[in-house]
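See below for the structure under consideration.
The values are calculated or read from the model by the stated rules, or taken from the named source; none is laboratory data. Values in this document were obtained by computation on a predicted structure and should not be read as measured data. Every residue, glycine as well, gets a Cβ built from its backbone with ideal geometry; the counts of neighbours run over all protein chains shown. Only protein heavy atoms, including side chains, enter the accessible area calculation; ligands, DNA and RNA are left aside. Shrake-Rupley method; radii C 1.70, N 1.55, O 1.52, S 1.80 Å.
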Amino acid sequence: MPVLNASTLTLDQVYVHLKFQKLPYSSFTSLLQLEPLSEFERVELSQIRIDFENYLNDGKVLEDMVMALTVMPLLRLAGFYRAPIKMRMEQEIERINLEDGDISITGRLDLICINKNRPTINDIAFWILAIEAKNTSISASEGLPQLLTYAYKSLEQQKTVWGLTTNGVYYEFFYIQQNSQNASSPTYQPLPSLHLMEPESSEKLLQVLKAICKLQNSI
């Protein structure tokens, strides 16, 4: 049986093998309740931008430093470090076996944020947010095929999951869902791209992360 790695898949291959369907772009406010930031949060967010810019000025920032300088500080500020949420890095996905093409897909997700207090089917922890990071020389959207592949397995256990791809500068969110009309064809809905280095856009980025974090209390 041929084995494919999720990191090498194209979006067309994801469409063919996993039957994903793309929905029209949506707005954040149609899916999330965004709240104003505090002055403390604005100051902290500004420092994240300053710190990252110091590295950007030296040239390409590699994936692990993108995680360390931007993703992890943003998640901390948004509340993802607090119980009942737990984070798992470099998480291997369960192998996906495709019956129609006699193909298996494997891979390793950069980071998932889970709610350990809310297990799903078979006591698997509920996924709140799945994140795929790239280095700054690569478009954030390059991580989408991997992200959808990883989310595909989680949709066997839950109805929806939020996804995020980023290169540290640009942040692209996706609302990934089971398809109520066709269980074999999950859907994903892209949202407007956000820019960390633009103050107004970065504030919305933090607002979005905070709103997704708070969803775990109402799931």
| Sorting Asp64, Asp58 by accessible area (1.4 Å probe), largest first, what list results? | Asp58, Asp64
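Please work out the average accessible area per residue across the chain, using the 1.4 Å probe convention, and give it in Å². Each step should come with its number before you reach the end.
Numbers: 10730 Å² over 219 residues.
Spelled out: the 1.4 Å probe surface of the chain, per residue, equals 49 Å².
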| said: For the full complex of protein chains and a 1.4 angstrom probe, list Trp162, Trp127 by accessible area with the highest value first. | reply: Trp127, Trp162
| Which label belongs to the value computed from this structure, given these candidates for mean projected area of the Cα convex hull in nm²: (i) 20.3; (ii) 12.0; (iii) 12.6? | (ii)
| task | Could you look at the chain and say what percent of its accessible area is carbon and sulfur, using a 1.4 Å probe and all protein chains? | result | 47 percent
| task | In a Gaussian network model over the chain where Cα atoms closer than 10 Å are linked, find which of Asn179, Asn167, Asn57 has the largest mean-square fluctuation. | result | Asn57
| said: Within region 190-209, list the residues whose amide N lies under 18 Å from a label point set 7 Å along Cα→Cβ of Asn54. | reply: 197
| remark: From DSSP H assignment alone, runs of 4+ in the chain each adding -39500 (n - 2.57), the sum over residues rounded to the nearest 500 puts [θ] at 222 nm at -9000 deg cm²/dmol
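So between Ser26 and Asp64, what do we pick up on full extension, going 0.36 nm a residue minus the alpha carbon distance? Kindly include the intermediate steps, with their values, before the conclusion.
Values: separation 38, 0.36 × 38 = 13.68 nm, distance 2.99 nm.
Taking Ser26 through Asp64 to full extension adds about 10.7 nm, to one decimal.
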| task | Using the structure shown, list the pairs from Lys60/Lys214; Lys153/Lys210; Lys116/Lys204 with a Cα-Cα distance above 30 Å, or answer none. | result | Lys60/Lys214
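What does DSSP give for the chain in terms of the percent of beta bridges that are antiparallel, rounded to the nearest 5? The partial results should precede the final answer.
Working: 29 of 39 bridges.
Of all bridge pairs located within the chain, approximately 75 percent are antiparallel.
How do Leu74, Leu34 rank by accessible surface area computed with a 1.4 Å probe, from largest to smallest?
Ranked from most to least accessible, the order is Leu34, Leu74.
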